[in-house]
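A short write-up of the structure that comes next.
The values are calculated or read from the model by the stated rules, or taken from the named source; none is laboratory data. Note that this is a predicted model, so its numbers are computed, not measured. Quick reminder, even Gly has a Cβ in these numbers, built from the backbone with ideal geometry, and neighbours come from all protein chains shown.
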Amino acid sequence: MKSNGATENLREQVIDRGLCTNCGACVNLCPYYVTYNDRIVVLDACTLSESGCNDVCPRMPTDFTALNNLLFNQKDLTVEAGAVKAFYVARAADPEVRKNAQHGGTVTALVRLALKEGLIDAAVLSGAEEPLLPAGVAVTDAAAVAKSSKSRFVVTPTVAAFNQLAKDEAGSIGIVATPCQTLALAKMRVSREPRTRKNSEKLRLVIGLFCGWAFSSAELKALLAGKVDMDSIVGMDIPPSQFHSLEVYTTNGTVSISLDEVQKCVRTCCRYCSDMTAEFSDISVGSARLPEGWDEARSWNQVIVRTEAGAKLMDLARSKGVLEFREAPQGNLEKLKKASANKKRTGAENMKTMEMEKKQR
């Protein structure tokens, strides 16, 4: 049951329960929210009983049927991983893009292409505000995309940057987002708040990132202290499960840390997430799995195309020679669907346990 105000309702239902993902969807949408040190802070109580912040939060109740009907062709929908219009293994054709990007550099190549071709006027990406505490940045120059090419597995409140850009005189906007952020952006399209729906009309491209979980910035910093010079970090990666490690790339070399150590740094909210492949995007991109092993796979991406806009961009990337493709190994999509289904099941089970414990208190 809702409390007297929208901000208090979001605090009670999401923030205080450890469900907030720091996606940033409420920030710059409402003046009572800010992001600070890897978390959302409520500055004051709002008297509105219903508002955009409750509508767009990915951890508030969601009409998934309405979103799927609005965004996707129904024949493309799968139970395990959302809409699948096409599936590819691809990478940036430019070796310099691959060298400086995460995995095959597909995301970097697609964003650069969309900007160069005028499909979007600006892209909202993750930028390094300080080590392991990234911030959303708006990029209009394709050459600047490379600065946001590496992952640190720490949440960027990217949707906050989108909200700010959409309020300005920006035209068409693209964004690279995690699964929870793609859901928040989708919910903007059906918000009861007219201004929020209007802002979403500027959103022309959503590239989603596969995501198993993200780290708490403070806890990751504490773990790496003494092991890594924070200012030397240039990227991170999590190889396939058999390696059981987090690789931290620095200007001095690679530091490998056991997942047994880093698991304690995972954000609490990630235990309740049911989306691994960023289902509410135009194109979803993750690391590839290939029979040649990780040394080869780490330079390629798995790509799910979900919408017509996504399909057109991939076709353009092929025709322009921006991406190169290889045949997807047999069974790869089914393995991805299985992993996605497992995350859905685990997230649902954890949420059910939380609700039961709440009732018992």
**Item:** Hits in region 239-289 (condition: under 19 Å from residue 150 (Cβ atoms), outside the structural domain of residue 186 (by TED's automatic domain parsing) and of a type in the set (Gly, Ala, Ser))
**Value:** 245, 253, 256
**Item:** Candidate set: region 335-353, residues that are of a type in the set (A, V, I, L, M) and under 17 Å from residue 58 (Cα atoms); chosen: the one surrounded by the most Cβ atoms within 10 Å (Cβ to Cβ)
**Value:** 351
**Prompt:** Just checking, which of 194, 179, 240 is more than 15 Å from the chain's Cα centre (by Cα) and in contact (Cβ under 8 Å) with a residue 24 or more places away in the chain?
**Reply:** 240
**Message:** What's the total number of residues in region 63-94 that are of a type in the set (Val, Ile, Thr) and either surrounded by fewer than 18 Cβ atoms within 10 Å (Cβ to Cβ) or not assigned by TED's automatic domain parsing to the domain that holds residue 162 (or both)?
**Reply:** 3
**Count of residues meeting criterion [surrounded by fewer than 22 Cβ atoms within 10 Å (Cβ to Cβ) and within 23 Å of residue 351 (Cα to Cα)] in region 21-40** = 1
**Complete:** Counting only residues that are touching a residue at least 24 places away in the same chain (Cβ under 8 Å) and either in a strand (DSSP E or B) or of a type in the set (Phe, Trp, Tyr) (or both), region 40-83 contains a total of 6
**Request:** Scan the strands (runs of 3 or more DSSP E) fully inside region 211-329 and keep the ones with 3 or more residues being surrounded by fewer than 13 Cβ atoms within 10 Å (Cβ to Cβ).
**Result:** 253-258
**Message:** Can you say whether residue 246 is touching a strand residue (DSSP E or B) at 6+ places or on another chain (Cβ under 6 Å) and under 30 Å from residue 121 (Cβ atoms), as far as the supplied structure shows?
**Reply:** no
**Prompt:** Within the set of pairs 6+ apart or on separate chains, which have a first residue in region 128-143 that is closer than 18 Å to residue 39 by Cβ, a second that is of a type in the set (D, E, K, R) and part of a strand (DSSP E or B), and C-beta atoms under 6 Å apart?
**Reply:** 135/129
**region 337-361 residues that are in the same structural domain as residue 77 (by TED's automatic domain parsing), paired with ones that are assigned to a helix (DSSP H, G or I) and not charged (D, E, K, R) (beta carbon under 6 Å, 6 or more apart)** = 347/272; 350/272; 351/272
**Prompt:** Do you know which of the residues in region 215-237 that are closer than 10 Å to residue 249 by Cβ, among the hydrophobic types (A, V, I, L, M, F, W, C) and under 20 Å from the mean Cα position of the chain (by Cα) is modelled with the highest pLDDT?
**Reply:** 236
**Asked** Mind checking whether some residue in region 225-232 is touching a residue at least 40 places away in the same chain (Cβ under 8 Å), under 24 Å from residue 351 (Cβ atoms) and of a type in the set (A, V, I, L, M, F, W, C)?
**Response** no
**Request:** State all residues of region 207-218 that are touching a Lys or Arg at 6+ places or on another chain (Cβ under 9 Å) and closer than 16 Å to residue 175 by Cβ; if no residue qualifies, say none.
**Result:** 208
